Each structure stands twice: as structure tokens, then as C-alpha cells.
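Accompanying notes for the structure given below.
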Amino acid sequence: MVSAESWIAVPVVVPLAAALLSFLVRRGSLFISLAAAIINVLAAAILVNQFFVSGPAQYAVGGWDPPLGISLRTDGPALIMLVLTGLTGVAISLYAWGYFSFRIDQPARAGRPEKQERFFWPLWMLQLTGLNGLFLSGDIFNIYVTLELIGVSAAGLAALSGKSASITAALRYLLVSLLGSMSYLLGVVFLYKTYGVLDLGLLQKMAGPTPGVIAALAVMSVGLLLKTAIFPMHFWLPPAHANALAPVSAILSGLVVKGSFFLLFRLWFDIFSPALPHTAFSLMGALGAGAILWGGIQALRQQRLKLLIAYSTISQLGYLLIAFPLAFTGGNSQTWSAVLFMASGHACAKIAMFMSAGTIMLHLGHDRIRELAGIRAYLPVTAFAYAAAGVNLMGLPPSGGFIGKWMMLIASLSTHQWLWALVLLAGSFLAVAYVFRVVEQLFVIPPDAPFIERHPRAGLLEWPALILALISLLMGLIAPYPLRLLDTGMAPQVVQVIGG
Amino acid sequence: MDSAMTIILTGFDLLLSATLLWLAWQLLRSTDIFKAIIFFICFGLLMAIAWVRMHAPDVALAEAAIGAGLTGPLFLAALRKMERKQKKERRFDPEEKRDNPDKRWQVRSREASPLMWIVAALTLCFAGLLIRTVWIIPRPLPGLAQQTAAHLGASGVDNAVTAVLLNFRGYDTMLEVMVLLLGAITIWSITHAPFPPRLPDTSPVQKSAVRLLLPLICLTGGYLVWQGAYQTGGAFQGGAVLSAALVLLLISDFLWLPDMHSLPLRMGMVLGPLVFLSMAVLGIITENALLRFPPEQAGAFLLFLEAACAISIGLSLAAFFAGGRPASDLREKPYQTDQPDTEKEGS
């Protein structure tokens, strides 16, 4: 009989099977992948339920306990990311369905959208496998393998549009991502040579400030910062994200960068927090501050909608790093909740924004910000989704972004770290400016606005974006539920560090 | 006697290391890409010997088959493609032809700029730091070798490397096999295999040699897979050898190759991963854990698994070399004159 514990394997196994099948049987690939995305959400819900009943779980793959074998594990942060990926995954799959049927109906070049669709599904399902595998894995080498899955499939997705600009950007993306993975792998070697184990739980018990650990963390962090596109290592992100197909941009900007960030978070706070000096945390905060300001200013200067959204991603990722010094110096576990709130709010909002931008681009044929006026007349849902997602980026209540920023502000003021508070505020003002640059265009209907026919399938393009935007907007109201996951989910050591 | 042997081996090791460094330097400073590729292949072969000296025959075999054997031809194929493209461009640009009569593809030889020196200095510092860190990690180095040896009996194979790869850490290997397939899918998604649009002019000697060699290579690949249970070998090595056979086919311009259908190829590429995944799920159903094999039949399970994976690995690696999906698969229609290609593309 299959035991209930085995549900933990479903988020990896099901998308993987869907990827193989949708590569093999092309005609049904859409429905295979959609079904897999839905099963994935159900599995995530069941895992959350199991977590509330019996607490963090560990699962030995192959029946071999660590250190010999690999373990999968669930805890609060992993489950939050899993649910987030599952929900947005279904929305992205639905959107991609609408997107490709639109493109196939009105192809710019016959045969090309079909090709893109056929290869989108296996690549996207492998991406989902990699992300779920990363969140659930309890083994640093296994995490490297999932990073490879994520990196290669992300590059493949980015190249899917077939334009030479996107292929160039995708190749650069691939090289950067491989460099990041190699750097991470070097760190894994150091850790294995120092402690002789690869399991995260065992490493957590052993870790101390030895030279091997410091060197390992340094190279791993640089690799992961590169993959997360943290300023000043962000150069590869805007061209890769802005030149990709709309569903792909949503995946890359909303989920992929969060994967490597999540790993960074795990390493710094869950596993190796006792081994790290204070200055390291301040350095991370400084990088974050740079990212917020630079990304925001660049977003203001862009003329194309998709580039603006891509630069906004760089800016928003900076917030996640500012939380490092805040959580370390006398902050509380709330700061950590704040980070996960920011990350999930941003994921939903950014995916909704790229979806809206894609819908607009499909209908108008361009994404020049100056010429967007009048969209509201025939795509009201899309215009509203964009604005609602923008509220989250600006950090107005009751969005997830507001809760996150509020918690961080409180933490920085109560520990007298005024500088971070100033950066947080400046970033919000920049966000207001770049969101309104677009929103003011969207909601104006000039008298001479051209009439554009809505596609019959436009519902599939508009509603997933709206639902995600509303989730990000109302996340503040459901805040207690995810927080409960975190309260029980933190490893005791972490609570001690950030609580005491 | 023993001490004489040690001295000879130490001398050999020193010579090997010096040659490796020299080859790496030659590779980097060569302006002719063709020459650099040859250096790269030599480097890979000597590196394989170095792995043998470090008592890692499995890594050595993989390095020889993939590092030197497959990557070298991949580079050469890429170079040929670049040259073909350059030739096409030159046809429109007769000026350049006069200036640069050398047919070979050249990298600009760069002057040593201050920036380069700074980067070099930083790299050296970084390397120094890494070496120092390795130096001060306390000895003896811990590891899992003892644990592996203790559980070897329950793994179904006698070779510790195969036991770790397929049984103890089979989950890693399952995902790695997927990464390889993912690479092939990505390459297929980008373009078609660029078969030159000309009549084959392969010499008859090459063709008959390929016909004679193919069965032998396949036999070797199969033997490596089977041997993996006892000593050095396994799916990756066997698959790499199989892919060598396919690469030979690809460069011999057999007429039926460009007309290959995509479905049988896809089936072959997916076979190994699918078998791996099914076995993983079978473990959940019968043994109550993902990827757990019943200890009595583990040996047979693993052999079946490796054979299926070797076929898929061979096909996927050959797909890397072919550089795209079959010519008839998912063709884009050419531009039509009455339907201009708008900026709508690639939103």
C-alpha cells in the first residue's frame, strides 16, 4: 500500500512524467501539462495539511537514510514556496494555453508558433520539476542537480521565441547560469571535504566558522547572487526576460530567480547562520540597496513595457537582500516572514504584469509605453490586473508588498538602522513613479483611439493575470495563514538566532 | 624495487602535470581556433590519464569519452559551421577576401591591456586563496567511502561507483539523465540539424570503415554497460561510446540520415528517462519508497535501467552533435510575399 509520506515525491515525479510525455506525444502536450500542474497544486495542499498535523517531515529516497542517501524534506519556507509555485504554475499554464492559441490563429510566420508551443510544454514542465525539487531537497549536491535543471530549461525557454536577440540573450543567460552553478558546486566540494556529508540537516548540526565553510559559503553565495541577478550582477536579466515570449517572461521573472534566492536564504539562515560574521550580512544589505535604487532608476528610463517590468524585477529583488542585515541584527522572526511575503507577493504581481504586457503586445503588436493609451477600452481586465499588481510593487495596503515592507521598516527603526529604512522608502517612491508611468497611459482613452478587435480566447489571457494580481493585492488580509506555516516551520536553531 | 617504482611514478606524475599546464597555456594563447581545439582534445586525453593516476577510473573513462571524444568533434562541427557562414558573408564582400586570404577562422590576437593584467592578478589571488583553504582543511578528509562499502551488499552490484550512482543516490542520477535530455530538447527547440545541401562526397573507404566499425562500437558500448555492475563502466560511459558510433554515422553523409523521422528518435531519447521514472514510481508502490529496489532483484533492475539509459544517453549526445531536430520535423513555412513579417513576432 502506498503510504501518505510518499506525497512528498509527487511535486517532482508528476511534472517530470508530464515533461517526458509531452515531448513524446506532442498533440496532447497541453492537457498533459495542465493536468500535471493541477495535480501539483493538490499535492502541495496535501503536504501543507500533513505539515499542520504532524510537523516537518523527512523522506529518505530509495530507503537509504542520510548521509548515504538523499532526503526530501518539508518545512514552512519550503511549503510556502511550493504552494506559490503550484498556484502560479496553474495560472501560467492556462495563460500559455490562451497565448499560444492566439499566436497560432494569427501567426506572423506560419509554423513558428506551433513549434514554440510544442517545445514550451516539456521545457516548462522540466522547469517546474527543477523548482519543486529545489524546494523539497535536503541534500546540497542534489540541489546542484536541480539548479542545473532550472538553469538549462530557463535558457531553453528564453530562446524559444527564435529571434536572434532572444537567442543571444538566452545564450548569455545560459553561460551566466552555468557559471553560477559551477561556483555553487565548488562550494559543495569544500563542504564535503570538510564534513564528509552532503545532507543539509547533518551539516546544520556540524557547521562552525571553519575556513572550509567560509570559503564554501563565499563561492556558493556569489554563484547564487549571479543567478538571482542581484545588482551589480544583473546585466544578463533585462535582455533575457524582455525578449522572451510572454509566458516565459512570467516564469523567468516570477519563479526562476526566486529559486536561487530561496537557496541563498536556506544556506544563510537555516544551515550556516552560526558560521557567518556580521559584516557579511551588511554586505548583502548594501547589494540590496544598490539593486533597489539602480533597478528603480533604470525602470524609469525605459521606453518599452517589458524592459520596464524586467528592471522592476531587479529593483524588487533588492528588498529581499535588505532583509539580511535586518534579520541578523536584533530583528525578529517577523523579518523572515517579511522576506517570504515580499518574495511571494512579488512573484504573483510580476507574473501578472508580464502576462498583462504579453496580452497588450498580442493585441497591439508592440509595447511602446508612449503608445499604450486606450487599452482599457477593449482590455479592461488586463488594465486592471496591471494596476492591481502595481499596487503590490508600490507597497500600498493591503498587498503582500505592504506587509513585507512594513515589517522591514519596523525592524529597521526598532534596531536604529535608519539607512535601510531610507532605502526602503526611496525604493517605494521609485516604484510609484514607474508604475504610474504605465498606468496613466492604460487608463486614458484618447478620442482617436484605434479600435482593436478582441480575440475570442482573450479570456484565457486576461483572467489568470487578474487572479494572480488580486492574490498579491489581498495577500495582506490572509497574512495569518502563511505565518502559521512559518511559526511551526522554522528549525529551532533559526528561531533562536533571529529571536534572541 | 618499490622505491624505484615510486620514483618513476612520481616523475611521470610531474611530467603529466607539467604537460597539462603547458597544453592549457598553448590552448589559451593560440589565435587559431582549429589549433586550440586540437590542444583541447589532447588536454582531455591526458586529463583522463591523470584521473587514472588519481585512482578514479570511472571519471577517466567519462573524461576520455565525453571530455575529449565528444566535445572535440562538437567544437570542430561548430567551427565548420562558423567557417561556412563566414564564406557566405565573404561572397557579398569581396574586399575582405583580398585582405584576409587565410581560410581559417582566427581570433583577434589581443594586446595585453591593463584590464587584462588586473583580471589575471585577481584570478591568481583567488586561486591562491582556494589553494590555501584546501591546504588548511584538517586531515584526514572525512567521506562516505566506509558507509558505501558497508551497504554495498544490499545494492545489487559489486562496483561501489555504480552502487552510489544508481542505488544510494539514484535520485540524483535520475535528474541528471533528465538534464541531458533537457539539453537535447533545448537544441531541438532552436533549430533543425544543418545537413549540408549537397551530394555526399564521402570516400568509399570511410563508408566501408564506418560499416565495419559500427557493430564493434555498439558491442563495446553494450559491454561497458554490462561491466558497470562489476568494475569501471556504466550507462554514461556506454552511452558515450554509442554516441560515438552515431557521430561516425552523421559525418559519413549517409543519404537516409537527413530524412530521419522525429518520432522514433524521440522514443529512443525518452526511453531511458521514462524507464527510470517508472522504476522510481514502482518503488513507491511495491517497496514504499521512491526509487527503492528489492535487494534480491536489485542487480537485474539496475542492469535493465542502465541499458535503457545508455540508449537514451547515446541518442541525446548524438543529438548535441547533429545540432538540431530532424529536417522534416515542425518546419516553419517560408515567408510569403503578400504577408509581411510584422513586429508582432516574439512578444
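The values are calculated or read from the model by the stated rules, or taken from the named source; none is laboratory data. As the structure is a computational prediction, the values presented were derived from the model and not from experiment. Ideal geometry is used to build each Cβ from the backbone, glycine not excepted, and the neighbour counts take in all protein chains shown.
Summary of computed values
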quantity: Qualifying position, being at the interface with chain B (Cβ under 10 Å from one of its Cβ atoms) and out of contact with any helix residue (DSSP H, G or I) (no Cβ under 7 Å at 6 or more places or on another chain), among A:Ser3, A:Ser101; calculated: A:Ser3
quantity: Filtered residues of region A:410-447 (kept if more than 27 Å from A:Arg301 (Cα to Cα) and either within 23 Å of the chain's Cα centre (by Cα) or outside any helix (DSSP H, G or I) (or both)); calculated: A:Thr415, A:His416, A:Gln417, A:Pro447
quantity: Those residues of region A:361-390 which are in a helix (DSSP H, G or I), among the hydrophobic types (A, V, I, L, M, F, W, C) and touching a His at 6+ places or on another chain (Cβ under 9 Å), in sequence order; calculated: A:Leu362, A:Ile375
quantity: Lone qualifier among B:Leu129, B:Leu166, B:Leu152, B:Leu175 - being in contact with a Leu (Cβ under 9 Å, 6 or more places away or on another chain), more than 7 Å from every other protein chain (Cβ to nearest Cβ) and modelled with pLDDT of 85 or more; calculated: B:Leu166
quantity: Members of region A:21-59 found to be within 14 Å of chain B (Cβ to nearest Cβ), touching a Leu at 6+ places or on another chain (Cβ under 9 Å), of a type in the set (A, V, I, L, M, F, W, C) and touching a residue at least 12 places away in the same chain (Cβ under 8 Å), listed by number; calculated: A:Phe23, A:Ile32, A:Ala36, A:Ala43, A:Ala57
quantity: Verdict on B:Val225 being at pLDDT 90 or above, within 13 Å of chain A (Cβ to nearest Cβ) and either crowded, with 17+ Cβ neighbours inside 10 Å or touching a strand residue (DSSP E or B) at 6+ places or on another chain (Cβ under 9 Å) (or both); calculated: no
quantity: For A:Trp64: the one exception among (1) in contact (Cβ under 8 Å) with a residue 24 or more places away in the chain; (2) surrounded by 18 or more Cβ atoms within 10 Å (Cβ to Cβ); calculated: (1)
quantity: Restricting region A:33-47 to residues that are of a type outside the set (Gly, Ala, Ser) and surrounded by fewer than 21 Cβ atoms within 10 Å (Cβ to Cβ), the residue that is farthest from A:Ile150 (Cα to Cα); calculated: A:Ile46
quantity: Residue match in region A:16-31 (condition: over 23 Å from B:Leu282 (Cβ atoms), hydroxyl-bearing (Ser, Thr, Tyr) and in contact with a Phe, Trp or Tyr (Cβ under 8 Å, 6 or more places away or on another chain)); calculated: yes
quantity: Qualifying residue in region B:264-277 (condition: at the interface with chain A (Cβ under 9 Å from one of its Cβ atoms) and either at pLDDT below 90 or more than 21 Å from B:Ile187 (Cβ to Cβ) (or both)); calculated: yes
quantity: Enumeration of residues in region A:140-160 that are within 8 Å of chain B (Cβ to nearest Cβ) and in contact with a Leu (Cβ under 7 Å, 6 or more places away or on another chain); calculated: A:Phe141, A:Val145, A:Thr146, A:Leu149, A:Val152, A:Ser153, A:Ala155, A:Gly156, A:Leu160
quantity: Count of residues meeting criterion [farther than 15 Å from B:Ala68 by Cα, aliphatic (A, V, I, L, M) and crowded, with 16+ Cβ neighbours inside 10 Å] in region B:17-51; calculated: 1
quantity: Exclusive hit being surrounded by fewer than 22 Cβ atoms within 10 Å (Cβ to Cβ), over 30 Å from A:Glu114 (Cα atoms) and out of contact with any Asp or Glu (no Cβ under 6 Å at 6 or more places or on another chain), set B:Pro215, B:Pro194; calculated: B:Pro215
quantity: Matching entry among B:Glu296, B:Glu306 (being in a loop (DSSP other than H, G, I, E, B) and away from chain A (no Cβ under 13 Å)); calculated: B:Glu296
quantity: Filter result (surrounded by fewer than 24 Cβ atoms within 10 Å (Cβ to Cβ) and in contact with a Phe, Trp or Tyr (Cβ under 9 Å, 6 or more places away or on another chain)) within region B:284-298; calculated: B:Glu287, B:Ala289, B:Arg292, B:Pro294
quantity: Elements of type helices (runs of 4 or more DSSP H) contained in region A:203-262, each with 3 or more residues being under 24 Å from A:Lys115 (Cβ atoms) and either more than 10 Å from chain B (Cβ to nearest Cβ) or of a type in the set (D, E, K, R) (or both); calculated: A:237-243, A:246-251
quantity: Residue list for region B:76-126, restricted to those being modelled with pLDDT under 80, exposed (fewer than 10 other Cβ atoms within 10 Å of the Cβ) and of a type in the set (A, V, I, L, M); calculated: B:Ala112
quantity: Counted residues, region A:174-202 - those being more than 10 Å from chain B (Cβ to nearest Cβ) and more than 24 Å from the chain's Cα centre (by Cα); calculated: 4
quantity: Check on A:Val13, part of a helix (DSSP H, G or I), of a type in the set (Val, Ile, Thr) and closer than 29 Å to A:Gln116 by Cα; calculated: yes
